[in-house]
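What follows draws every value from the coordinates through simple rules; no lab data is involved. Since the structure is predicted, the reported quantities are computational estimates derived from the model, not experimental observations. Glycine gets a Cβ as well: all are built from the backbone with ideal geometry, and neighbour counts include every protein chain shown.
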Amino acid sequence: KNAKSFDPKAKIKGILVSPMAKVGIEVIIGTKIDDQFGPIIMYGLGGVMVEILKDVSFRVLPISPSAARKMIEETKSFPILDGVRGGPESDKKSLRKLLLLCSEIIEAYPQIEEMDLNPVIVHEQGLSIVDARIILKKDSSPT
């Protein structure tokens, strides 16, 4: 109703309703095909923070559980995940699992050119992928 009053010519085919994500720390995970290194993965603080702080970590894919842990720990923002000013500790185990899952997805689907998860909200228990984007290579078709 409000959209129609804003733009009477709007063609509304439906709406998307989803639960509000719980409070947590916003991070970004991205993958792409680098011309020199092949598939790579990136991790850092998400939302607008990635653009401001540029505190990110990169690895060539595939990654191991140890590499996933190191990616998270080598960022300057890592202490934020441990909780600040009495805040709760974030679920780093789920975050490591998500990094590994992204690595597995890129390995399993070579037609993916880029994948961006931003933000991923890391909660005290679990995480929420709030926005995701996948771009396929131009010469591939979805399977």
Check on residue 26, touching a residue at least 24 places away in the same chain (Cβ under 8 Å), in a loop (DSSP other than H, G, I, E, B) and touching a Leu at 6+ places or on another chain (Cβ under 9 Å): no
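Let's see how each residue does on (1) among the small types (Gly, Ala, Ser); (2) over 23 Å from residue 123 (Cβ atoms):
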| position | (1), (2) |
| --- | --- |
| 3 | yes, yes |
| 8 | no, yes |
| 29 | no, no |
| 57 | yes, no |
| 80 | no, no |
Within segment 18-42, the residues that are more than 14 Å from residue 130 (Cα to Cα) and not hydroxyl-bearing (Ser, Thr, Tyr) are 32, 33, 34, 35, 36, 37, 38, 39, 40, 41, 42
Name every residue in segment 79-93 that is assigned to a helix (DSSP H, G or I) and either among the charged types (D, E, K, R) or touching a helix residue (DSSP H, G or I) at 6+ places or on another chain (Cβ under 6 Å) (or both), in order of residue number. 81, 92, 93
Filter segment 125-141 down to residues that are in contact (Cβ under 8 Å) with a residue 60 or more places away in the chain and under 17 Å from the mean Cα position of the chain (by Cα), then give me how many there are. 3
If I ask for residues that are polar (S, T, N, Q) and either under 23 Å from residue 24 (Cβ atoms) or part of a loop (DSSP other than H, G, I, E, B) (or both), which ones from segment 37-69 would you list? 57, 64
